[in-house]
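*Asks:* Handing you a structure now.
The values are calculated or read from the model by the stated rules, or taken from the named source; none is laboratory data. As the structure is a computational prediction, the values presented were derived from the model and not from experiment. All Cβ positions, even for glycine, are placed from backbone atoms using ideal geometry, and neighbour counts span all protein chains on display. For the accessible areas, the whole protein counts, side chains as well, though only heavy atoms, and no ligand, DNA or RNA atoms are used. Shrake-Rupley method; radii C 1.70, N 1.55, O 1.52, S 1.80 Å.
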Amino acid sequence: MLKNTSFVLELDEIQGLLLGSVPMPCGQYFFLTFRHPDQARAFLTRVVDKVCSAEPVIGSPISRVHLALTCNGLRTLGVDEASLQSFPEAFRVGMPARAEELGDHGESHPDQWVGGLASSDLHALLLLFGADLTERAQRIEEIHSLIASTGVRILSELDVALPETRREHFGYQDGISRIYVEGTGIEPPPGCGPAVKPGEFVLGYPDETSSIPSLPQPEWLSRNGSFLAYRRLYEDVIAFREFLGRHAATRDEQELLAAKLLGRWRSGAPLVLAPHHDDPELVADPERNNNFNYGQMDPQGLACPIGAHIRRVNPRDTIGNIQRRRLIRWGLPYGPLLPEGSPDDGMDRGLALFFGCADLERQFEFVQKEWINAPKFLGLDHDKDPIAGDHDGTYNMTVQKKPIRKTLRGLPRFTRVRGGAYAFLPGLQALRSLAEG
């Protein structure tokens, strides 16, 4: 590692997926396989000029195309084994091989995944984001034509879009809390803490230790790149609604319980700032909707339970060195909404999520294993993340209150993994060099 505190982010060389501040409302994900190196390079040659850098993305709501490659994708492109061995183990073996670490068992085991995502034939993830559905449809047609012209095979596609309600399938407004990266020129609003050093997400820059970690070799391949963890999560809406109905008698009580599970009201208002009643106006104010902490404002979890989802995935000031565990998260729903009161229609619906980081094990896998799925967390001893945890019906959710805390016993699993992948998001120059062979 090299000590270096000065840097200039090469925004024109970094793909814009992780550093863009304006979320796109819809998209299409293509999961691809290459038959041989020449075909793979021909595909990259055609697509590289469409890939969006971070430079025009900052603050700009334009459509975007991004390309990430699995280890087998790099291998098919001709990257030699000595180079691949310099990449982290988790990336090399792939997400299906890390099922035990991630809690992907039972119905979430890779054997149950769809769309070819557990296959060694998954070589590339082509991600299209659009400003609206009309624009997305036009761009999808372009991408299909490009893929067909090179003979690359599509293993599967996934249509993602934010519905008119602006809510995901459990009814929560998503994507309110964001991470801000030092060097992008975007200042964090109140409550978000200091901007995170870019080396926590982009290779070749100082991280929170003021060091530049050693790069996978050759350096031209890894510099300005990032690692992605992709998760396709099925949301069991019926199980979630039935759970609320069993444990809360009235509509208002169900809304409060839903807020306690997540840590925010379904409008997005944080419980720390609105502990007793929803406050939609608070959500609309970016200067206020994240301006809270836990250690001083809610140390006992009386407002936001200690085991609530948002408190587990970002404990803020209650855990030291929190910046070293941060993840940049992008997510959009897939599948049709299930109207309130409707029976189970058997449709697949959920969230398709990307988590960006510089170290899959230290960041993504740690959060998944030690914060989301660990029964012991900040004084809890038999709870897991109520929304995203790998529940089997034997773990609880503790709701702190006075004089006696409330324990919800035997939580079912509300989300199941339907697919996933570890991929590398190369810089623009690396994509050009790979295309040239």
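*Asks:* Looking at the structure I just gave you, is residue 355 open to solvent by 20 Å² or more (accessible area, probe 1.4 Å) and in contact with a Leu (Cβ under 9 Å, 6 or more places away or on another chain)?
*Replies:* Yes.
*Asks:* Filtering segment 290-332 down to residues that are aliphatic (A, V, I, L, M) and not in a loop (DSSP other than H, G, I, E, B), which residue is nearest to residue 358 (Cα to Cα)? Talk me through it step by step, then tell me what you get.
*Replies:* Of all residues in segment 290-332, those aliphatic (A, V, I, L, M) come to 297, 302-303, 306, 308, 310, 313, 319, 322, 327-328, 332.
From what is left, the residues that are not in a loop (DSSP other than H, G, I, E, B) are 310, 313, 322, 328, 332.
Working: 310: 22, 313: 17, 322: 15, 328: 10, 332: 22 Å.
Among them, the one singled out is 328.
*Asks:* Right, next: Filter segment 189-203 down to residues that are of a type in the set (Gly, Ala, Ser) and in contact (Cβ under 8 Å) with a residue 40 or more places away in the chain and give me whichever is least open to solvent (accessible area, probe 1.4 Å).
*Replies:* Applying the filter and picking the extreme gives 199.
*Asks:* While we're looking at this one, here's another question. Collect the residues in segment 409-437 that are under 17 Å from residue 380 (Cα atoms) and crowded, with 18+ Cβ neighbours inside 10 Å, keeping them in residue-number order.
*Replies:* 411
*Asks:* Restricting to segment 300-317, name every residue that is more than 25 Å from residue 232 (Cα to Cα) and surrounded by 17 or more Cβ atoms within 10 Å (Cβ to Cβ).
*Replies:* 301, 303, 304, 305, 306, 316
*Asks:* Here is a follow-up. Can you find, within segment 367-397, the residue that is surrounded by the most Cβ atoms within 10 Å (Cβ to Cβ) among those that are hydrophobic (A, V, I, L, M, F, W, C) and over 14 Å from the mean Cα position of the chain (by Cα)?
*Replies:* This residue is 397.
*Asks:* Could you say which residue among 388, 358, 374 is out of contact with any Cys (no Cβ under 9 Å at 6 or more places or on another chain), free of Cβ contacts under 8 Å to residues at least 60 places away in the same chain and among the aliphatic types (A, V, I, L, M)?
*Replies:* Numbers: 388 fails: free of Cβ contacts under 8 Å to residues at least 60 places away in the same chain; 358 fails: free of Cβ contacts under 8 Å to residues at least 60 places away in the same chain.
Selected residue: 374, the only one of 388, 358, 374 that is out of contact with any Cys (no Cβ under 9 Å at 6 or more places or on another chain), free of Cβ contacts under 8 Å to residues at least 60 places away in the same chain and among the aliphatic types (A, V, I, L, M).
*Asks:* Scan 119, 177, 149, 145 and give me the residue that is more than 20 Å from the chain's Cα centre (by Cα) and part of a loop (DSSP other than H, G, I, E, B).
*Replies:* So the residue among 119, 177, 149, 145 that is more than 20 Å from the chain's Cα centre (by Cα) and part of a loop (DSSP other than H, G, I, E, B) is 119.
*Asks:* Going by what's in this entry, would residue 99 be described as out of contact with any Asp or Glu (no Cβ under 6 Å at 6 or more places or on another chain), assigned to a strand (DSSP E or B) and of a type in the set (A, V, I, L, M, F, W, C)? I'd like the intermediate steps shown before the answer.
*Replies:* On the way: out of contact with any Asp or Glu (no Cβ under 6 Å at 6 or more places or on another chain): yes; assigned to a strand (DSSP E or B): no; of a type in the set (A, V, I, L, M, F, W, C): yes.
It is false that residue 99 is out of contact with any Asp or Glu (no Cβ under 6 Å at 6 or more places or on another chain), assigned to a strand (DSSP E or B) and of a type in the set (A, V, I, L, M, F, W, C).
*Asks:* Kindly indicate which of 44, 127 is touching a residue at least 12 places away in the same chain (Cβ under 8 Å), over 23 Å from residue 218 (Cβ atoms) and open to solvent by less than 10 Å² (accessible area, probe 1.4 Å).
*Replies:* When all the criteria are applied, what remains is 127.
*Asks:* Does residue 393 satisfy being closer than 22 Å to residue 99 by Cα and part of a loop (DSSP other than H, G, I, E, B)?
*Replies:* Considered against the rule, which asks whether it is closer than 22 Å to residue 99 by Cα and part of a loop (DSSP other than H, G, I, E, B), residue 393 comes out as yes.
*Asks:* Identify the single condition in (1) under 30 Å from residue 291 (Cα atoms); (2) surrounded by fewer than 21 Cβ atoms within 10 Å (Cβ to Cβ) that residue 170 does not satisfy, given that it satisfies every other one.
*Replies:* In the conditions (1) under 30 Å from residue 291 (Cα atoms); (2) surrounded by fewer than 21 Cβ atoms within 10 Å (Cβ to Cβ), residue 170 misses (2) alone.
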